[in-house]
1. Which of the residues that make up the range 121-154 are open to solvent by 40 Å² or more (accessible area, probe 1.4 Å) and touching a residue at least 12 places away in the same chain (Cβ under 8 Å)?
2. Right, Ala11: closer than 15 Å to Ala107 by Cβ and surrounded by 20 or more Cβ atoms within 10 Å (Cβ to Cβ) or not?
3. Among the residues of the range 44-59, is there at least one that is open to solvent by 70 Å² or more (accessible area, probe 1.4 Å) and within 14 Å of Ala11 (Cβ to Cβ)?
4. Would you point out the residue of the range 92-120, among those that are farther than 18 Å from Ala59 by Cα and in contact (Cβ under 8 Å) with a residue 24 or more places away in the chain, that is surrounded by the most Cβ atoms within 10 Å (Cβ to Cβ)?
5. Inside the range 63-81, can you point out the residues that are touching a Lys or Arg at 6+ places or on another chain (Cβ under 8 Å) and touching a residue at least 40 places away in the same chain (Cβ under 8 Å)?
6. Provide a single number: the residues in the range 114-154 that are assigned to a loop (DSSP other than H, G, I, E, B), in contact with a strand residue (DSSP E or B) (Cβ under 8 Å, 6 or more places away or on another chain) and under 20 Å from Gln97 (Cβ atoms).
7. Go through (1) in a helix (DSSP H, G or I); (2) within 21 Å of Leu96 (Cα to Cα); (3) within 15 Å of the chain's Cα centre (by Cα) and name the single condition Ala70 misses.
8. Could you grab me the full set of residues in the range 6-49 that are over 16 Å from the mean Cα position of the chain (by Cα) and farther than 23 Å from Ala68 by Cα?
Amino acid sequence: MSAIRTTDDTAMARALELAAEAAAVAEIPVGAVVLDADGRPVAEGRNDREQTSDPTGHAEIVALRAAAAAHGSWNLEGHTLVVTMEPCVMCAGAILQSRIGRVVFGAWDDKAGAAGSLYDVLRDRRLPYRAEVVGGVREAEAVALLRAFFADRR
């Protein structure tokens, strides 16, 4: 794992805001921000699966689509994805397909994570492309949002 960058923390703060926005409309609180190679935010997203009835409406997918549109290409090599929760297998596949070079996330997901907890798709040497992974950034804040969301539903 590499060191946390100042831009990671700033982007994670925004991703946490997006996650809170998702929770406010009954979406699982996950937010994501895509940074370009210079650390500038170029796109963002939050879970919108319930609102859109789209099973792919995860924050990472929403943010990757917006980043590709802003960049004018599906190839996001050199970009960083900052997300409040460890990506799932679907999102990890999309991350690799977009050539995102670095993924920074907050909360680990022991039930469905694909960046080191349950699976390690993003760094699997059998695949033709891999991403650098930095986990646990502002983890306590990301976990608190998730716990509060699910506690309200029990």
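The values are calculated or read from the model by the stated rules, or taken from the named source; none is laboratory data. A quick note: this is a predicted structure, and the numbers were derived from the prediction, not measured. Every residue, glycine among them, receives a Cβ derived from its backbone with ideal geometry; neighbour counts consider all protein chains shown. These area figures cover heavy atoms from the full protein model, side chains too; ligands, DNA and RNA do not enter into them. Shrake-Rupley method; radii C 1.70, N 1.55, O 1.52, S 1.80 Å.
1. Answer for the range 121-154, where residues must be open to solvent by 40 Å² or more (accessible area, probe 1.4 Å) and touching a residue at least 12 places away in the same chain (Cβ under 8 Å): Leu127, Tyr129, Arg130, Glu132, Arg138, Glu139, Glu141, Leu145, Ala148.
2. Against the criterion (closer than 15 Å to Ala107 by Cβ and surrounded by 20 or more Cβ atoms within 10 Å (Cβ to Cβ)), Ala11 does not qualify.
3. So far as the range 44-59 goes, yes, one or more of its residues are open to solvent by 70 Å² or more (accessible area, probe 1.4 Å) and within 14 Å of Ala11 (Cβ to Cβ).
4. Gly116
5. Of everything in the range 63-81, those that are touching a Lys or Arg at 6+ places or on another chain (Cβ under 8 Å) and touching a residue at least 40 places away in the same chain (Cβ under 8 Å) turn out to be Leu76, His79, Thr80, Leu81.
6. Total satisfying the criteria: 3.
7. Here Ala70 clears every test but (3).
8. Answer for the range 6-49, where residues must be over 16 Å from the mean Cα position of the chain (by Cα) and farther than 23 Å from Ala68 by Cα: Thr6, Ala24, Val25, Ala26.
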